[in-house]
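For reference, the structure is listed below as C-alpha coordinates.
The values are calculated or read from the model by the stated rules, or taken from the named source; none is laboratory data. Since this is a predicted model, take the numbers as computed values, not measurements. No Cβ is skipped: glycine too gets one built from the backbone with ideal geometry, and neighbour counts run over all protein chains shown. Only protein heavy atoms, including side chains, enter the accessible area calculation; ligands, DNA and RNA are left aside. Shrake-Rupley method; radii C 1.70, N 1.55, O 1.52, S 1.80 Å.
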Amino acid sequence: MQDGVNELNGNSQKLVDGGNKLKDGADSLSDGVEKLYNGSQELADGFSMFNEEAIQALADYLGDDLGVILDRMQAVQEAGKAYRSFAGIPQDMDGNVKFIVKTDAITTED
(Lines give C-alpha, C1' and ligand atoms only; values in the text may rest on other atoms or scores of the structure.)
Protein backbone atom coordinates (compact mmCIF):
# COMPACT_ATOMS: atom_id res chain seq x y z
CA MET A 1 0.00 0.00 0.00
CA GLN A 2 2.88 2.33 0.80
CA ASP A 3 4.24 1.79 -2.73
CA GLY A 4 0.87 2.77 -4.20
CA VAL A 5 0.72 5.92 -2.05
CA ASN A 6 4.27 6.85 -3.10
CA GLU A 7 3.40 6.32 -6.77
CA LEU A 8 0.22 8.38 -6.40
CA ASN A 9 2.13 11.13 -4.66
CA GLY A 10 4.83 11.10 -7.35
CA ASN A 11 2.28 11.36 -10.18
CA SER A 12 0.23 14.10 -8.55
CA GLN A 13 2.68 16.71 -9.91
CA LYS A 14 2.03 15.38 -13.44
CA LEU A 15 -1.67 15.91 -12.82
CA VAL A 16 -1.04 19.50 -11.64
CA ASP A 17 1.17 20.16 -14.67
CA GLY A 18 -1.48 18.76 -17.00
CA GLY A 19 -4.14 20.94 -15.36
CA ASN A 20 -1.94 24.01 -15.85
CA LYS A 21 -1.46 23.16 -19.53
CA LEU A 22 -5.19 22.71 -19.90
CA LYS A 23 -5.80 26.13 -18.31
CA ASP A 24 -3.19 27.76 -20.57
CA GLY A 25 -4.80 26.14 -23.61
CA ALA A 26 -8.24 27.34 -22.56
CA ASP A 27 -6.86 30.87 -22.15
CA SER A 28 -5.32 30.72 -25.64
CA LEU A 29 -8.59 29.41 -27.07
CA SER A 30 -10.49 32.23 -25.39
CA ASP A 31 -8.07 34.80 -26.84
CA GLY A 32 -8.43 33.24 -30.29
CA VAL A 33 -12.22 33.26 -30.11
CA GLU A 34 -12.14 36.94 -29.11
CA LYS A 35 -9.88 37.77 -32.08
CA LEU A 36 -12.16 35.79 -34.38
CA TYR A 37 -15.21 37.63 -33.07
CA ASN A 38 -13.55 41.04 -33.48
CA GLY A 39 -12.39 40.14 -36.98
CA SER A 40 -15.84 38.97 -38.00
CA GLN A 41 -17.33 42.23 -36.69
CA GLU A 42 -14.77 44.21 -38.69
CA LEU A 43 -15.55 42.15 -41.79
CA ALA A 44 -19.30 42.67 -41.35
CA ASP A 45 -18.76 46.41 -40.93
CA GLY A 46 -16.61 46.47 -44.07
CA PHE A 47 -19.23 44.60 -46.10
CA SER A 48 -21.91 46.96 -44.84
CA MET A 49 -19.83 49.99 -45.84
CA PHE A 50 -19.05 48.43 -49.24
CA ASN A 51 -22.75 47.78 -49.80
CA GLU A 52 -23.74 51.33 -48.83
CA GLU A 53 -20.94 53.22 -50.56
CA ALA A 54 -20.39 51.07 -53.64
CA ILE A 55 -23.18 48.65 -54.46
CA GLN A 56 -26.12 50.84 -53.46
CA ALA A 57 -24.49 53.94 -54.95
CA LEU A 58 -24.01 52.09 -58.24
CA ALA A 59 -27.56 50.74 -58.16
CA ASP A 60 -28.93 54.22 -57.41
CA TYR A 61 -26.84 55.75 -60.20
CA LEU A 62 -27.91 53.18 -62.77
CA GLY A 63 -31.49 53.00 -61.52
CA ASP A 64 -33.77 50.92 -63.72
CA ASP A 65 -31.01 50.50 -66.31
CA LEU A 66 -29.08 48.09 -64.04
CA GLY A 67 -31.19 45.08 -65.06
CA VAL A 68 -30.88 45.96 -68.74
CA ILE A 69 -27.11 46.37 -68.44
CA LEU A 70 -26.73 43.02 -66.64
CA ASP A 71 -28.91 41.29 -69.26
CA ARG A 72 -26.77 42.75 -72.06
CA MET A 73 -23.54 41.70 -70.34
CA GLN A 74 -24.85 38.16 -69.96
CA ALA A 75 -25.93 38.06 -73.62
CA VAL A 76 -22.47 39.24 -74.70
CA GLN A 77 -20.84 36.54 -72.56
CA GLU A 78 -23.06 33.84 -74.04
CA ALA A 79 -22.38 35.04 -77.59
CA GLY A 80 -18.66 35.10 -76.84
CA LYS A 81 -18.67 31.43 -75.82
CA ALA A 82 -19.81 30.44 -79.30
CA TYR A 83 -17.38 32.78 -81.07
CA ARG A 84 -14.36 30.62 -81.90
CA SER A 85 -12.43 32.51 -84.54
CA PHE A 86 -11.95 36.03 -85.88
CA ALA A 87 -10.78 34.95 -89.34
CA GLY A 88 -12.31 31.46 -89.56
CA ILE A 89 -11.03 27.99 -88.66
CA PRO A 90 -11.93 24.48 -89.82
CA GLN A 91 -14.96 22.94 -88.12
CA ASP A 92 -12.86 20.22 -86.44
CA MET A 93 -10.55 22.73 -84.69
CA ASP A 94 -11.06 24.58 -81.45
CA GLY A 95 -10.26 28.22 -81.01
CA ASN A 96 -11.12 31.23 -78.94
CA VAL A 97 -11.12 34.97 -79.41
CA LYS A 98 -10.63 37.73 -76.90
CA PHE A 99 -11.48 41.35 -77.61
CA ILE A 100 -10.04 44.19 -75.59
CA VAL A 101 -12.04 47.39 -75.75
CA LYS A 102 -10.60 50.61 -74.42
CA THR A 103 -13.08 53.27 -73.39
CA ASP A 104 -12.93 56.64 -71.75
CA ALA A 105 -13.27 56.67 -68.00
CA ILE A 106 -16.75 56.76 -66.56
CA THR A 107 -17.10 59.59 -64.09
CA THR A 108 -19.95 60.76 -61.94
CA GLU A 109 -20.68 64.33 -61.15
CA ASP A 110 -21.38 65.03 -57.50
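Brief remarks follow.
- Taking a straight line from the alpha carbon of residue 35, these lysines sit under 30 Å away, with near neighbours fewer than eight places off in the same chain left out: 21, 23.
- Calculated accessible area for the chain comes out at 96 Å² per residue, all protein chains present (probe 1.4 Å; ligands, DNA, RNA ignored).
- Contour minus Cα-Cα distance for residue 14 and residue 37 (0.36 nm per residue): 4.8 nm
- The charge dipole of the chain, taken about its Cα centre with unit charges on the Cβ of Lys, Arg, Asp and Glu (plus for the first two, minus for the last two), comes to roughly 640 debye.
- To the nearest 10, the accessible area of residue 83 is 90 Å² with a 1.4 Å probe.
- In order along segment 23-38, phi translates into HN-Hα couplings of 5, 4, x, 5, 5, 5, 5, 4, 4, x, 5, 5, 5, 5, 4, 4 Hz, rounded to whole numbers, per the Karplus curve 6.51 cos²θ - 1.76 cosθ + 1.60 with θ = phi - 60° and x for Gly and Pro.
- As a ratio to 2.2 N^0.38 Å, the alpha-carbon radius of gyration computed for the chain takes the value 2.47.
- Accessible carbon and sulfur surface of the chain relative to its total accessible area, %, 1.4 Å: 57
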